[in-house]
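As structure tokens, the structure follows; a few thoughts come after it.
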Amino acid sequence: MARDRSPKCKQCRREGMKLFLKGERCLTERCAIERRSYPPGEHGRGRIKQSEYLLQLREKQRARRFYGILEKQFRIYYAKASRRSGITGEELLRMLELRLDNVVYRLGFAASRAQARQTIRHGHFLVNGRRVNIPSFQVRVGDVVQLKTASPVEQVARDATDLTASVPAWLQADHDNLSGKILKVPERGEIDAPVQEQLIVELYSK
């Protein structure tokens, strides 16, 4: 499985906002954005010439890093979204939101999407009673996601629920039993990703 091994805090600094890639640390004063809010690198504090292409590129990179997806896979998602009948940008975000690793994170069973991916890859989560170890698995309306009984990461999941402020309206979470249900396909207003998806569409449409 290909992974992005670059420093997580540098990714947040490059995008100029918290992407919550390191779980609990992002909520403390140890967060890199709190200490050094400028981009990383030798010229991080210098002036950057803004352009239309740069804005579009940064938006795509921000979305990619927010969901923890590599470039090739992100292009595949965009290609699938462009073939759907809805608005391409919104369809792209819906597909990303319905990834199993994102759903586990949104339900509050992991402190970060990276942690959610790891627990899924190790087979700790069930979808409709069947073990699924593919983080990119697309859940559907009515699917039930739950932590496997007597899983060794149960305490990790319970600790993560303490960090969860709220669960999106399109999901139903049972933190006592560590299970959740997909109630509906998320609308754009229910997706709190810090992304202007239209800029991504403009970038890929060139």
Of Lys148/Lys181; Lys72/Lys184; Lys72/Lys206; Lys60/Lys181; Lys148/Lys184, which ones are farther than 21 Å apart at the Cα?
Lys72/Lys184; Lys60/Lys181; Lys148/Lys184
Note on region 47-127: contact order normalised by length, alpha-carbon pairs under 8 Å, 6 or more apart, percent, works out to 17
Relative contact order for region 99-184, counting Cα pairs under 8 Å that sit 6 or more residues apart, in percent
33
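Starting with the highest mean, order 169-175, 189-195 by the number of other Cβ atoms within 10 Å, averaged over the residues of each peptide.
Working: 169-175: 16.3, 189-195: 13.9.
Ranked from most to least packed, the peptides come out as 169-175, 189-195.
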Could you check the simple spin-label distance between Lys80 and Asn133, using points 7 Å along Cα→Cβ, in nm with one decimal?
2.1
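Using mean Cβ contacts within 10 Å as the protection proxy, how do 117-130, 155-168 order, highest first?
Descending packing order for the listed peptides: 117-130, 155-168.
None of the figures in this text is laboratory data; all of them are computed from the coordinates on show. Just so we're clear, the structure is a prediction, and the values are computed from it rather than from any experiment. Neighbour counts run over all protein chains shown; Cβ positions are idealised from the backbone, glycine included.
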